[in-house]
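The values are calculated or read from the model by the stated rules, or taken from the named source; none is laboratory data. All of these numbers come straight from a predicted model, not from anything done at the bench. As a convention, Cβ positions derive from the backbone with ideal geometry for all residues, glycine included, and neighbour counts pool all protein chains shown. Protein only, heavy atoms only, side chains kept; ligands, DNA and RNA dropped before computing areas. Shrake-Rupley method; radii C 1.70, N 1.55, O 1.52, S 1.80 Å.
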Amino acid sequence: MASIQTSSPLFFCSSKRVYAAIHVPKLPRIHFSVPKISTTKVVEESKFTNTTPLLEKYNNLTSTQLQDDVNHSTTSKNLVQLYAILEAVADRVEMHNNVCEQRNNWNTLLLNSINMITLTATTMVGVAATSEVGAPLLALKLSSALLFSAATGILLIMNKIQPSQLAEEQRNATRLFKQVQTQIQTTIALGNATEKDVKGAMEKVLALDKAYPLPLLGAMLEKYPKKFEPAVWWPSTQFQKKNEGKAKSKKMEEKNGWSKELEMEMREVVEVVKRKDIEDYERLGNIAMKVSKSLAIAGPLLTGIAAIGCGFIGNESSLAAIVPLMAGSMAAAINTFEHGGQVGMVFEMYRNSAGFFNKVEASIESTLEENDLEKRENGELFEMKMALQLGRSVSQLRELASKSSSYRMEGIDIDEFASKLF
């Protein structure tokens with residue numbers, strides 16, 4: 001019985017094990033349903049509990065992005081305007097270059113034509129002087145008189161417009177427009193274009209249009225002014241006097257690359273530019289202007305005298321043919337010297353060079369008049385620019401200022417020009 005009782009519980013336990021084994025497949029169903037409910041609750045709780053911080057973060061990001069968008073749109077607008085100005089400048093460079101070639105051709109073609117007409121008429125006068133009285137002599141006299149008259153008319157027009165001077169004006173305009181083009185490209189490349197940059201570029205373009213006009217009628221520059229005046233191609237607002245701002249202290253602090261020594265150096269350079277370079281080019285410009293005026297009057301006057309003298313050929317006096325012969329020969333020589341030597345171009349070159357030195361003077365003086373050093377251009381950069389414009393190194397510019405100062409204290413005029421380029 002004992003053995004039976006012992007085995008009986010064993011059988012019961014095994015039956016329980018089988019029972020348990022039978023219910024094992026039901027466990028996964030419970031396992032899958034429970035996590036699904038718990039995950040949903042966690043997500044819903046996190047969704048409602050984190051709503052306020054996310055909204056605040058979104059609002060903060062939105063305001064920052066809006067501010068960036070405003071700045072970006074302003075910068076983009078300025079860049080678009082600069083690109084528009086750049087296109088106009090590139091077009092002007094091409095126009096002035098084409099007009100320069102055209103007017104240079106005018107000078108060559110008109111000079112050759114006038115000299116050919118004058119020399120042909122002079123030759124006909126010589127032939128008429130050896131001819132007998134009759135129909136051939138009359139034909140030669142009329143032909144030579146007509147040729148001299150035509151040469152006089154064409155020469156008056158040529159001297160009025162001075163094609164060589166017109167060509168030099170367009171060369172200068174092309175070079176200066178290329179400078180503006182490079183400055184605009186640099187501003188765009190830096191990527192920090194402002195409304196001031198746009199306004200400044202626009203003013204430079206309009207100032208150049210006024211200084212070097214393209215049309216001849218109505219807008220052409222005076223070729224024989226009463227007084228020599230240097231060229232001005234920069235805006236009047238570029239070098240305005242700047243008296244506003246902080247007053248300078250007697251003891252100047254080094255700031256933004258500026259120091260008292262650098263200011264004294266710049267003042268000495270300005271004095272040399274005034275006393276030597278500007279005065280010299282104004283003197284040379286006046287001489288070139290007087291020579292140009294004299295030659296412009298002499299050429300047509302001689303061809304006119306030759307045309308009148310043709311009517312007296314064939315008279316008993318042997319001097320009747322000498323006057324048109326001499327006048328025609330001298331007119332051809334004078335025209336060749338005036339337009340072949342391009343006296344008008346030389347006058348314009350002196351006018352432009354004097355204007356360049358006036359610009360250097362105005363640039364330095366307007367910079368030094370700015371009392372707030374922070375508003376000035378960096379002193380070291382400004383010094384380097386002035387040295388390059390005058391064809392010197394920075395050390396040579398400092399030597400020039402030191403030499404000027406010592407000479408001025410001794411009461412001696414400096415024997416050196418500020419520029420080594422012109």
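Among the residues of region 377-394, is any under 30 Å from Ala129 (Cβ atoms) and open to solvent by less than 30 Å² (accessible area, probe 1.4 Å)? Checked region 377-394: no residue is under 30 Å from Ala129 (Cβ atoms) and open to solvent by less than 30 Å² (accessible area, probe 1.4 Å). The set of residues from region 105-131 being open to solvent by 50 Å² or more (accessible area, probe 1.4 Å) and of a type outside the set (Gly, Ala, Ser) comprises Asn105, Trp106, Thr108, Leu109, Leu110, Asn112, Met116, Leu119, Thr120, Thr123, Val127, Thr130. For beta carbons closer than 9 Å, sequence separation of 6+ or different chains, a first residue in region 170-197 that is on the phi > 0 side of the Ramachandran plot and assigned to a loop (DSSP other than H, G, I, E, B) and a second that is of a type in the set (A, V, I, L, M) and open to solvent by 30 Å² or more (accessible area, probe 1.4 Å), the qualifying pairs are Gly191/Leu79. Taken over region 153-167, the criterion of being in contact (Cβ under 8 Å) with a residue 12 or more places away in the chain and farther than 24 Å from Glu87 by Cα is satisfied by Ile154, Leu155, Leu156, Met158, Asn159, Lys160, Ile161, Gln162, Pro163, Ser164, Gln165, Leu166. Number of residues in region 132-152 that are assigned to a helix (DSSP H, G or I), without any contact (Cβ under 8 Å) to a residue 60 or more places away in the chain, of a type outside the set (A, V, I, L, M, F, W, C) and open to solvent by 50 Å² or more (accessible area, probe 1.4 Å): the value is 1.
Is it the case that some residue within region 222-245 is more than 29 Å from the chain's Cα centre (by Cα), modelled with pLDDT under 95 and among the polar types (S, T, N, Q)? No, region 222-245 contains no residue that is more than 29 Å from the chain's Cα centre (by Cα), modelled with pLDDT under 95 and among the polar types (S, T, N, Q).
Among the residues of region 76-96, write down those that are more than 19 Å from Gly191 (Cβ to Cβ), of a type in the set (A, V, I, L, M) and open to solvent by 60 Å² or more (accessible area, probe 1.4 Å). Of everything in region 76-96, just one residue is more than 19 Å from Gly191 (Cβ to Cβ), of a type in the set (A, V, I, L, M) and open to solvent by 60 Å² or more (accessible area, probe 1.4 Å), namely Met95. A Cβ distance below 9 Å, combined with a sequence gap of six or more or placement on separate chains, defines the contacts here; from region 374-394, residues that are closer than 11 Å to Trp258 by Cβ reach residues that are open to solvent by 70 Å² or more (accessible area, probe 1.4 Å) and part of a helix (DSSP H, G or I) in the pairs Glu377/Lys385; Glu383/Arg398. Of the numbered criteria (1) part of a loop (DSSP other than H, G, I, E, B); (2) of a type in the set (A, V, I, L, M, F, W, C); (3) surrounded by fewer than 15 Cβ atoms within 10 Å (Cβ to Cβ), the one Ala418 fails is (3). Is it true that Met220 is closer than 25 Å to Ile297 by Cβ, in contact (Cβ under 8 Å) with a residue 12 or more places away in the chain and buried (at least 19 other Cβ atoms within 10 Å of the Cβ)? For Met220, the condition - closer than 25 Å to Ile297 by Cβ, in contact (Cβ under 8 Å) with a residue 12 or more places away in the chain and buried (at least 19 other Cβ atoms within 10 Å of the Cβ) - is not met.
Considering Glu348, Glu338, Glu361, Glu370, the condition of being closer than 30 Å to Ala129 by Cβ, open to solvent by less than 50 Å² (accessible area, probe 1.4 Å) and of a type in the set (Asp, Glu) is satisfied by Glu338 alone.
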